[in-house]
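Reviewing the structure listed below.
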Amino acid sequence: MSQSSERAQRYIDRVFETVEQRNPNEKEFHQAVKEIFHSLIPIFEKYPIYMEQNILERIVEPERMISFRIPWVDDEENIRVNRGFRVQFNSAIGPYKGGTRFHSTVNASIIKFLGFEQIFKNALTGQPIGGGKGGSDFDPKEKSNGEIMRFCQSFMNELAKHIGPNTDVPAGDIGVGAREIGYLFGQYKRLKGSYEAGVITGKGIHYGGSLVRKEATGYGLIYFVQEMLKDQGESLDGKTVVVSGSGNVSTYAMEKAIQLGAHVVGCSDSSGYIYDKNGIQLDTVKRIKEVERKRIKEYVKEHTNATYTPGFEGIWNIPCDIALPCSTQNELDEKSAKTLIHNGVQLIGEGANMPSTLRAITTFVENNILFAPAKAANAGGVAVSSLEMAQNSSKISWEFDKVEAQLQSIMQGIYQDCIEASEEYGKRGNLIIGANIAGFLKVADAMISQGVI
Ligand code: NDP
Ligand code: 2IT
């Protein structure tokens, strides 16, 4: 090891220790930080200014972390209490921007890992958006429509004090889709007494939403995968694809993959997975999930050739060319990675945030599997959110084709930036290093220009 790389390593180790001490027991946050830090040594070797400016210690500390009580009344008139969060992580390149997650597992660690990832993802889009994230440990499953609405209103009663079109712009994530965004926006509008459409994204088309936002993360993921395959002289046509989850990201990843000629044979929810060797019938999945809000196992009642297996991790046993983890963090571990490789997988595209464990990632890299990391591959959602903000501030709405073309061009740009950064730092084709470096540099340079912030 050269002297400069030893120095860089010591700096990274010292800051990582501080992160562990300052944020005890936040294992997901530690994991996200570790994943990025690993990639940065070549930058610090080449440009010691980032160490001299102590950028790392600044960037891992949120500008602000808000935690609040959400009291609400259920249908049986019990008073319930949940905990809400918003992390306003970094505003060096624009207002805080990032989704809102409602899931029973949400805690400070989950929100901070998501907010931290969001900083670099948002930078990669090339749009002027900083990093933030929010959510609650509220579990939307089995709740009535009225309960969801009252919860959203109570959540917004506090959140409204901290957000705005030029300060912090939430959107959806797990458990927060068009219905919840509508309730959140409606309450914000009542509280403010003015129509500030750009305060939240993922809105319905009839009240300020953007065409293609619903499809954006899934479509964007497939556009990114398409670029990777193009570089290999290949395409999606005829590839066998498995997609975990059956929510927003999964559904539209499946839709675009099918449009491009892929054969999608499996998807899942948190209870189990389905395998349909004839190809998943997406209309059925959409009806079950988007309209009826039921479990994925209902699918096999209508498609009797398909099978349902309980336990969501088993989905990685299905042989495929392309695996797209699109449900949640750490859903794909080392064992599943080995199974996928054993079955001949060619490419992994992360639609979810941090879906692969660190050991799974190492396994894929060591076996030369093409790997699209989340912060690059799933950036299409937030990119179109930014286009929604642009439409809101100019008070016009763009046609579907125009937004979709911009999404594709943004995903191509992200791919190019990642490839170039991976090349410059000696690891051509390693998109993990490429994404981390390209995202980091944009934010770090903006921070340095703005003084000690
Ligand atoms: P949805 O709520 O629409 O769907 C989530 C899907 O994942 C469901 O099928 C759900 O199953 C499954 N799932 C959720 N949690 C778990 C869990 N703990 N274990 C197993 N399965 C689980 O969310 P999205 O599609 O919006 O989000 C999916 C992922 O993509 C998340 O990691 C999110 O952060 C990420 N993402 C989302 C973006 C967006 O624009 N929406 C943008 C970029 C990334 P069940 O219904 O049974 O819970
Ligand atoms: O993880 C993500 O990028 C999102 N949930 C979307 C964020 C957004 O602001 O559209």
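The values are calculated or read from the model by the stated rules, or taken from the named source; none is laboratory data. All values derive from a computational prediction rather than experimental measurement. Heads up, the Cβs are rebuilt from the backbone with ideal geometry, glycines too, and the neighbour counts pull from every protein chain shown. These accessible areas exclude ligands, DNA and RNA; they are computed on the full protein's heavy atoms, side chains included. Shrake-Rupley method; radii C 1.70, N 1.55, O 1.52, S 1.80 Å.
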- Item | Listing of helices (runs of 4 or more DSSP H) fully contained in segment 1-76 that carry 1 or more residues being in contact with a Ser or Thr (Cβ under 6 Å, 6 or more places away or on another chain) | 27-46
- Message: Among the listed residues Ile41, Ile55, identify the single one that is at pLDDT below 95 and at negative phi.
- Response: Ile41
- Query: Which members of segment 74-110 meet the condition of being without any contact (Cβ under 8 Å) to a residue 40 or more places away in the chain, within 9 Å of Ser136 (Cα to Cα) and within 14 Å of ligand 2 (Cβ to nearest atom)?
  - Reply: Val106
- Message: If I ask for residues that are without any contact (Cβ under 8 Å) to a residue 40 or more places away in the chain and either among the β-branched types (Val, Ile, Thr) or touching a helix residue (DSSP H, G or I) at 6+ places or on another chain (Cβ under 9 Å) (or both), which ones from segment 48-73 would you list?
- Response: Asn54, Glu61
- Restricting attention to segment 219-258, the residues that are part of a helix (DSSP H, G or I) and of a type in the set (S, T, N, Q) number exactly 4
- Task: Go over the candidates Gly131, Gly186, Gly164, Gly198 one by one and state the one that is within 27 Å of Ile433 (Cβ to Cβ) and either of a type outside the set (Ser, Thr, Tyr) or touching a Leu at 6+ places or on another chain (Cβ under 8 Å) (or both).
- Result: Gly131
- Hits in segment 188-218 (condition: closer than 28 Å to Leu370 by Cβ, open to solvent by 10 Å² or more (accessible area, probe 1.4 Å) and of a type outside the set (Val, Ile, Thr)): Arg213, Lys214, Glu215
- Message: Among (1) free of Cβ contacts under 8 Å to residues at least 40 places away in the same chain; (2) assigned to a helix (DSSP H, G or I); (3) not hydroxyl-bearing (Ser, Thr, Tyr), there is one condition Gly451 misses while meeting the rest; what is its number?
- Response: (2)
- Task: Could you identify the single residue in Ala108, Ala92 that is at pLDDT 95 or above and surrounded by 21 or more Cβ atoms within 10 Å (Cβ to Cβ)?
- Result: Ala92
- Residues in segment 247-279 that are within 16 Å of ligand 1 (Cβ to nearest atom) and open to solvent by 10 Å² or more (accessible area, probe 1.4 Å) total 10
- Message: Can you pull out every residue in segment 171-213 that is under 18 Å from Ile148 (Cβ atoms), touching a residue at least 40 places away in the same chain (Cβ under 8 Å) and touching an Asp or Glu at 6+ places or on another chain (Cβ under 9 Å)?
- Response: Ala171, Gly172, Gly175, Gly177, Gly202, Lys203
- Looking at segment 326-333, is at least one residue under 21 Å from Gln416 (Cβ atoms) and either away from ligand 1 (no atom under 12 Å from the Cβ) or modelled with pLDDT of 95 or more (or both)? no
- Message: Return the residues of segment 305-328 that are open to solvent by 20 Å² or more (accessible area, probe 1.4 Å) and more than 13 Å from Ser270 (Cβ to Cβ); say none if nothing qualifies.
- Response: Asn305, Thr307, Tyr308, Thr309, Asn317, Pro319, Asp321
- Considering segment 19-35 alone, what residues qualify as being of a type in the set (S, T, N, Q), within 16 Å of Glu61 (Cβ to Cβ) and either within 18 Å of the chain's Cα centre (by Cα) or open to solvent by 30 Å² or more (accessible area, probe 1.4 Å) (or both)? Gln21
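Which of the following residues is basic (Lys, Arg) and free of Cβ contacts under 8 Å to residues at least 24 places away in the same chain: Lys375, Lys402?
Exactly one of Lys375, Lys402 is basic (Lys, Arg) and free of Cβ contacts under 8 Å to residues at least 24 places away in the same chain, namely Lys402.
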- Identity of the residue in segment 133-182, within 16 Å of ligand 2 (Cβ to nearest atom) and of a type in the set (Asp, Glu), that ends up farthest from Thr100 (Cα to Cα): Asp168
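For segment 101-218, give me every one of the helices (runs of 4 or more DSSP H) that falls completely inside it and has 3 or more residues that are over 29 Å from Ala446 (Cβ atoms) and within 13 Å of ligand 1 (Cβ to nearest atom).
Details: elements: 108-124, 145-159, 178-192.
Fully inside segment 101-218 and qualifying: 178-192.
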- Message: I need the full set of residues from segment 335-363 which are open to solvent by less than 50 Å² (accessible area, probe 1.4 Å) and either within 16 Å of ligand 2 (Cβ to nearest atom) or farther than 22 Å from Val264 by Cα (or both), in order please.
- Response: Gly349, Glu350, Gly351, Ala352, Asn353, Met354, Pro355, Ser356, Thr357, Ala360, Ile361, Thr363
